[in-house]
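For reference, the structure is listed below as structure tokens.
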Amino acid sequence: MKRTVLAFLCLLLVLAPFPGCSREPDFSFSVRWGVSAPGEGSSYDSRTGILVKTANASDPAKFRTRLKLDRRELDELARLAEAIDFSGIPEAPENYDPYSPVNEKGETRAWSTPKMFLELTVRSEGREHHVRCFGIPPALLYPREEISERDPPPADENAGAFETFVHRVLGTVFDSEEWQSLPPFEVLYE
């Protein structure tokens, strides 16, 4: 009997969180972005840490590395993702345009040539949200200070929360030593 009680108490200590401690949040994301076809752009997956600067390079291994985000960065990104109402964003493979509402024909404005794209998957609390943006303006991929004044503001508050999250994700990637240590793109678009 004493062994059973002792085993039960040990099990409780192992499974019960200690005061002041919390479980690791269930948050991760993957993102693909760039110009042209989605299979040819850049990508990052926070779960695996795999960062690819360009998938269609002549030597893809030179454009691939690992980037592990620290807990502080992931917590900040999780808070930004919580501000997004994913129920108001169409699931991929439908397109989401955070800069113009869908017209009566189900179309949005074509913003850029060549076409820019972003595909995002956010995983949190056992759920996944998949968002696809195609033909988007550079405003979604680059911080406001780096884009043209002619680029539009977000269409509504939820689109603004989505843009803020994407800017922070890409800013974190672009500012990392890992991204900066990769070679320059082989092909540049203007």
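Return a yes/no flag: does region 70-87 have any residue that is at pLDDT below 90, of a type in the set (A, V, I, L, M, F, W, C), within 18 Å of Leu118 (Cβ to Cβ) and crowded, with 17+ Cβ neighbours inside 10 Å. Working first, answer last.
Taking region 70-87 and keeping what is at pLDDT below 90, we get none.
No, region 70-87 contains no residue that is at pLDDT below 90, of a type in the set (A, V, I, L, M, F, W, C), within 18 Å of Leu118 (Cβ to Cβ) and crowded, with 17+ Cβ neighbours inside 10 Å.
Taking the stated definitions as given, is Phe162 at pLDDT 85 or above, farther than 17 Å from Leu77 by Cβ and crowded, with 16+ Cβ neighbours inside 10 Å? So that I can check it myself, show each step before the final result.
Values: at pLDDT 85 or above: yes; farther than 17 Å from Leu77 by Cβ: no; crowded, with 16+ Cβ neighbours inside 10 Å: yes.
The answer is no for Phe162.
Looking only at region 49-56, decide whether some residue is of a type in the set (Ser, Thr, Tyr), within 18 Å of Leu118 (Cα to Cα) and outside any helix (DSSP H, G or I). Spell out how you get there, then give the answer.
Kept after step one, since they are of a type in the set (Ser, Thr, Tyr), are these residues of region 49-56: 54.
Those left that are additionally within 18 Å of Leu118 (Cα to Cα): 54.
Add one more test, that the residue is outside any helix (DSSP H, G or I), and what stays is 54.
The answer is yes, given that some residue of region 49-56 is of a type in the set (Ser, Thr, Tyr), within 18 Å of Leu118 (Cα to Cα) and outside any helix (DSSP H, G or I).
Which residue pairs have Cβ atoms closer than 9 Å, lie 6 or more positions apart in sequence or on different chains, and pair a first residue in region 46-57 that is at pLDDT 95 or above with a second residue that is surrounded by fewer than 14 Cβ atoms within 10 Å (Cβ to Cβ) and part of a loop (DSSP other than H, G, I, E, B)?
Ser46/Lys68; Gly49/Lys68
Does region 22-45 hold any residues that are farther than 16 Å from Val131 by Cα, modelled with pLDDT under 85 and part of a loop (DSSP other than H, G, I, E, B), and which are they?
Scanning region 22-45 gives Ser22, Arg23, Glu24, Pro25, Ser36.
Restricting the search to region 101-140, which residues are modelled with pLDDT under 80, within 19 Å of Asp85 (Cβ to Cβ) and surrounded by 17 or more Cβ atoms within 10 Å (Cβ to Cβ)?
Hit for region 101-140 is Thr108, nothing else.
So which residues in region 75-100 are in a helix (DSSP H, G or I) and in contact with a strand residue (DSSP E or B) (Cβ under 6 Å, 6 or more places away or on another chain), if there are any at all?
Filtering region 75-100 down to residues in a helix (DSSP H, G or I) leaves 75-82, 86-88.
Scanning region 75-100 gives Ala78, Ala81, Phe86.
The values are calculated or read from the model by the stated rules, or taken from the named source; none is laboratory data. Note that this is a predicted model, so its numbers are computed, not measured. Because the Cβ atoms are built from the backbone with ideal geometry, glycine has one as well, and the counts that use them run over all protein chains shown.
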